[in-house]
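All of the numbers you see were taken from the coordinates with simple rules; none came from a lab. In this text, all values refer to a predicted model and were calculated from it rather than measured experimentally. Every residue, glycine among them, receives a Cβ derived from its backbone with ideal geometry; neighbour counts consider all protein chains shown.
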């Protein structure tokens, strides 16, 4: 398969990958409220749809490595999650909504880590810039949230679940264009994963330190995701300005990904994680000080580092250090720790932190990212760049 063909296929899929998430994150709670659920049940549905990733991600990624049919797993999960979201649209009471929502979230969960691994492997195989494929995912999230926000000015909030289902259906159709796994494997044959070998990898000191460094770096964003808009509103900014603050962070992230190969070649995977967590520490500390709007916009662009560089380093570290037959499972394990456990933990604690500290809770996030940076420094010492274990 020509490199241009691979790039176009993956870019197209990434361009629809987060459309549904961009609608769901801000607007699913409104649909749940519209269904008559009280606040406590809304919070429980949203929390359990996040928590079920802890089961869905490792199961899906392990099956992909066990069968060596990653593309088939992505397609099955995409069509399955679409069907579950359609089912959810018919639910009208708490328990049916909860069960259908958890099913949809569990089926959707493995798609992102499997796609990330495919994109990183293929980019290395064809000599492409991974970030120029990944940036379309960021744009798809922004398009989903802004587009749904505009539509909900003229259509009832009850349509939210249908918008999500339609976005997932579009993504499912595009999965059929994904390249076959054999087109991006450097080796002609990759043996299926052995559980004992993966346990040995996952229990290695360097891998544990890597998981904690990158995972805590990303989890430090939890308070922003949960209460960032509430904090900005408390500072006196309008919803339009708040939307622009979020848009600024996504656009900065997109710009970084457009030149990601330059960052990777300059720093390497571990130093990218170090740099990203340093930037995160600075970002949260300044945000906690309630800076003036112009400076706040500048601080929001640091998302390109706090999230983007840390994510870039994470993806390349897994490609460098994990054998090809374990990468999907390793990516899934990281996703469980980072998004399913650590991020959920910081988001869960955000309500208590905001009630007690207000914007000062960002100082707690700064401490978490500083800890992540320290672990990244330790990782550099025990796992230097020259010791990559897997190029295939």
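Below, the figures for the structure above:
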{"item": "Potential lengthening between residue 91 and residue 348 on full extension [0.36 nm per residue; Cα-Cα distance subtracted]", "result": "89.9 nm"}
{"item": "Relative contact order, percent, the chain [alpha-carbon distance under 8 Å, six or more residues apart]", "result": "26 percent"}
{"item": "Gain upon complete extension [residue 255, residue 239; 0.36 nm per residue less C-alpha separation]", "result": "3.3 nm"}
{"item": "Residue 155 versus residue 48: modelled label distance in nm, points set 7 Å from Cα along the beta carbon direction", "result": "2.8 nm"}
{"item": "Cα-based convex hull, the stretch 1-186, per residue volume (Å³, whole number)", "result": "101 Å³"}
{"item": "Inter-label distance, nm, simple model (7 Å from Cα along the C-beta direction), residue 266/residue 59", "result": "4.3 nm"}
{"item": "Ordering of 118-131, 37-50, 168-181 by packing [mean C-beta count within 10 Å, highest first]", "result": "118-131, 168-181, 37-50"}
{"item": "Segments 253-259, 76-82 sorted - mean Cβ within 10 Å per residue, highest first", "result": "76-82, 253-259"}
{"item": "Viscosity 0.692 mPa s, temperature 37 °C, Stokes-Einstein D of the stretch 102-174 from Kirkwood C-alpha radius, µm²/s", "result": "230 µm²/s"}
{"item": "Mean-position separation - Cα centroids, the stretch 133-185 and the stretch 194-243, in angstrom", "result": "22 Å"}
{"item": "Percent RCO, i.e. relative contact order, over the stretch 241-361, from Cα pairs under 8 Å lying at least 6 residues apart", "result": "32 percent"}
{"item": "The stretch 149-257 shape via C-alpha gyration tensor axes, a/c threshold 1.5", "result": "oblate"}
{"item": "Calculated [θ] (222 nm, deg cm²/dmol) that DSSP helices of n ≥ 4 give over the chain, each run adding -39,500 (n - 2.57)", "result": "-25000 deg cm²/dmol"}
{"item": "Cα gyration tensor shape for the stretch 247-392, rounded if a/c is under 1.5, else prolate or oblate", "result": "prolate"}
{"item": "Relative contact order (%) - criterion: Cα under 8 Å, at least six apart; region: the stretch 1-186", "result": "45 percent"}
{"item": "Paired Rg and Dmax values of the chain, which use every Cα atom, in angstrom", "result": "20.1, 59"}
{"item": "Relative packing of peptides 192-203, 366-377 - highest average C-beta neighbours within 10 Å first", "result": "366-377, 192-203"}
